[in-house]
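Heads up: the structure comes next, in structure tokens.
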Amino acid sequence: MEDFDATFLNSSVELRRGLTNLVVLSECRQPTYGYELVKSLEKKGFPLDANTIYPLLRRLEKQGLLNSDWDTSMEKPRKYYQITPEGARFFEQLKAYWNETNRTVKQIIEEQDGTQIN
Amino acid sequence: MEHKLIDRYIYAVTRQMPKKEVADISRELDELIASMLSERADAPGSEDEKVRQVLTELGSPGELAREYTGAVDESLIGQPYYSLYLKVLKIVLFAVALGLTVSLLVSVINDLPFADPDVSMEWFLNEFVEWFTSLFSGLLGAFAWVTIIFAILYRKGVKVDVVPYDPDNLPEVPSEKARIGRAEIIGDVIFATIFTMLFIVLPNINIPIIGMSEKPFPLFNPETLVGVRYLLIAFVVTIILEAIVKFIDGRHTVRVFAAIALTSLVSIATALTWLGNPLDINPIFGERFQELTGFSIYGFNGQPVPGFGGEWASLPLPLLIAIVVIVAASILEVVSAGLNTFQSRN
């Protein structure tokens, strides 16, 4: 398959894209600013580009799931984001859905894996 | 972190965003870039190189702006084609609209029944409807073709020669003074349109004076209007040209300055030639005005205007004032545009 790598990259990016909201909302349960989030996700093995995270934070804020505050006490002002009560409710629901889906998908895959061995 | 390239980058990202979001996003990007730079503080390389690295890592301003405005993947035309598509579409639609308007204007001028003093409203309406329908179908067709071509290019993944992003090629941030607002350009185009309608397309009606006589009559003499027709057309064309250059550059550049200088020159010529003709105001108006008020519009209530010689002294006073104002305003505009252009370059 000629485009194997490209196709794989495409599929994995698609998979992760659906999970970014979940991961970012999860991290924002503690107040955090954009670049801190970039670094922490990178360290935790879910790297996202800064140019994805910054617009995403704004979008989540517009949707009322996050709120933000400029901290100007430091030399360089930083915009801290934190989850709203509405966002927390949304996060719990999304998390439950992810767990459920994850279980189901695993089941589907394992079932087939089993039949193939026989 | 003060760096020219950073300012240019942030300006390029936020340029097309709604005003109320620009300040906040600029500040946030500034913070992000500063964070990315401070992480590289101990790495080898000059400050300039690091800034270039960071700006390259962030991707082209267009892509980033698209992320902010909400990128949709299930799109008819995705990036990087979309940026180019928008650019091409703008130019094509503008050119089609301009071309159709000019060609219809020419045909209207040729068809105009100048000999007939009673140009009917119906005739004018017909011309207008014809212009509007061909403009509408022309724009629709152009839009469809550009869209179809780009949709195919996107689907097939054809390589389009999109200028590769390089931080060093970011255009300079124009100073507040050097920017040209959309309102100014729209104002110019509206003025040109109204001027064209009143004085070029409908010289027999121009500005109708109602209530001073049994029948309404035009304020300006239709014959002199027809006589200077080509000068008036040149005047409108220079205004439109100026608007196009302003639209493309969006700031005071040498090209914009040249366009403004040309327009000013033509408007001075128009003012002197057209308005400098004593027969320019409909003689009926002069007569009726004197009958009604006892004052003569020519000269200083019939006497030569002090300070002006020859024909100028006996021109209708409002015209003389208009000429002085137009000439002064044109010279002022060239001077102020010149200052805006050449000061902002340093």
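Summary of values
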| quantity | calculated |
| --- | --- |
| Search result, residues across segment B:28-65 that are loosely packed, with under 15 Cβ neighbours inside 10 Å, within 11 Å of another protein chain (Cβ to nearest Cβ) and closer than 30 Å to B:Leu84 by Cβ | B:Glu57 |
| Exclusive hit being at pLDDT 80 or above, in the same structural domain as B:Val102 (by TED's automatic domain parsing) and either among the acidic types (Asp, Glu) or over 24 Å from the mean Cα position of the chain (by Cα) (or both), set B:Phe217, B:Phe150 | B:Phe150 |
| Looking only at segment A:57-90, and only at residues there that are over 17 Å from the mean Cα position of the chain (by Cα) and acidic (Asp, Glu), the one that is surrounded by the fewest Cβ atoms within 10 Å (Cβ to Cβ) | A:Glu75 |
| Answer from B:Glu242, B:Glu176 - the residue that is acidic (Asp, Glu) and in contact with a Ser or Thr (Cβ under 7 Å, 6 or more places away or on another chain) | B:Glu242 |
| Residues of segment A:21-67 satisfying the condition of being at negative phi and in a loop (DSSP other than H, G, I, E, B) | A:Cys28, A:Arg29, A:Gln30, A:Pro31, A:Lys44, A:Phe46, A:Pro47, A:Leu48, A:Asp49, A:Gln63, A:Leu65 |
| Within segment A:39-56, considering residues that are more than 13 Å from every other protein chain (Cβ to nearest Cβ) and among the hydrophobic types (A, V, I, L, M, F, W, C), the one surrounded by the fewest Cβ atoms within 10 Å (Cβ to Cβ) | A:Phe46 |
| Answer from A:Lys76, A:Lys43 - the residue that is under 23 Å from B:Ser38 (Cα atoms), of a type in the set (D, E, K, R) and touching a helix residue (DSSP H, G or I) at 6+ places or on another chain (Cβ under 8 Å) | A:Lys76 |
| Flag for B:Thr224 being closer than 16 Å to B:Ala271 by Cα and crowded, with 20+ Cβ neighbours inside 10 Å | no |
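Per-residue answers, yes or no, for (1) assigned to a loop (DSSP other than H, G, I, E, B); (2) away from chain B (no Cβ under 12 Å); (3) at pLDDT below 95:
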residue: A:Trp70; (1), (2), (3): no, no, yes
residue: A:Glu75; (1), (2), (3): yes, no, yes
residue: A:Gln93; (1), (2), (3): no, yes, no
residue: A:Asn99; (1), (2), (3): no, yes, no
residue: A:Ile109; (1), (2), (3): no, yes, yes
residue: A:Gln112; (1), (2), (3): no, yes, yes
residue: A:Thr115; (1), (2), (3): no, yes, yes
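The values are calculated or read from the model by the stated rules, or taken from the named source; none is laboratory data. Because the structure is a prediction, the values reported are computed rather than measured. For neighbour counting, all protein chains shown are included, and Cβ atoms are generated from backbone atoms with ideal geometry for every residue, glycine included.
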